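What follows is a short report on a single structure.
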Amino acid sequence: QAQLVESGGGLVQAGGSLRLSCAASGIPWSINDMGWYRRAPGKQREAVATITRGGSTNYANFVKGRFTISRDNAKNMVYLQMNSLKPEDTADYSCNAITIFKNYWGQGTQVTVSS
């Protein structure tokens, strides 16, 4: 069964760091782009960072210089290193994997940044 499983969320103080991981398994096709998205309470989901299979990255303006996305194609993993966290980064973070036939989403991992 195809699934994405995120891990690494938690509670951290402002200025701290967290590293999110997402493991893709059971996907029968090659994964093209992967990405991280977040949804804060009462807000719509927004893109945080994406990465192509070749390693090209794209970041939302609000995380540039603070977050770094990376991936391991051999392991079907994508990571999000989050530094200098702010209370406004509090959200449920989900990973996404795009194949030629279907997009896959994980269940999400909660990140809470206290002030």
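The values are calculated or read from the model by the stated rules, or taken from the named source; none is laboratory data. On a predicted model such as this, the values are computed, not experimentally measured, just so you know. Methodologically, a virtual Cβ is constructed for each residue, glycine included, from the backbone with ideal geometry; neighbour enumeration extends over all protein chains shown. Ligands, DNA and RNA are excluded from the accessible area calculation, which covers all protein heavy atoms including side chains. Shrake-Rupley method; radii C 1.70, N 1.55, O 1.52, S 1.80 Å.
So the values come out like this:
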read-out: Cβ-derived FRET efficiency at R0 25 Å, R39 paired with I100, nearest 0.05; value: 0.45
read-out: Nearest-20 debye value, the chain charge dipole, Cβ charges on Lys, Arg, Asp, Glu; value: 120
read-out: For the range 33-99, convex hull volume per residue from C-alpha positions, Å³; value: 82
read-out: Extension gain from S21 to A74, taking 0.36 nm per residue of separation minus the Cα-Cα distance; value: 17.6 nm
read-out: Candidate lysines - alpha carbon under 21 Å from K43, same-chain residues fewer than 8 apart omitted; value: K64, K86
read-out: Carbon + sulfur, % of accessible area of the chain - ligands and nucleic acids excluded, 1.4 Å; value: 46
read-out: Charge-dipole axis of the chain as Lys and Arg at +1 and Asp and Glu at -1 on Cβ define it, positive-most pick from T90, G55, Y37; value: G55
read-out: Where the chain is the region considered: accessible area per residue in Å², 1.4 Å probe; value: 54
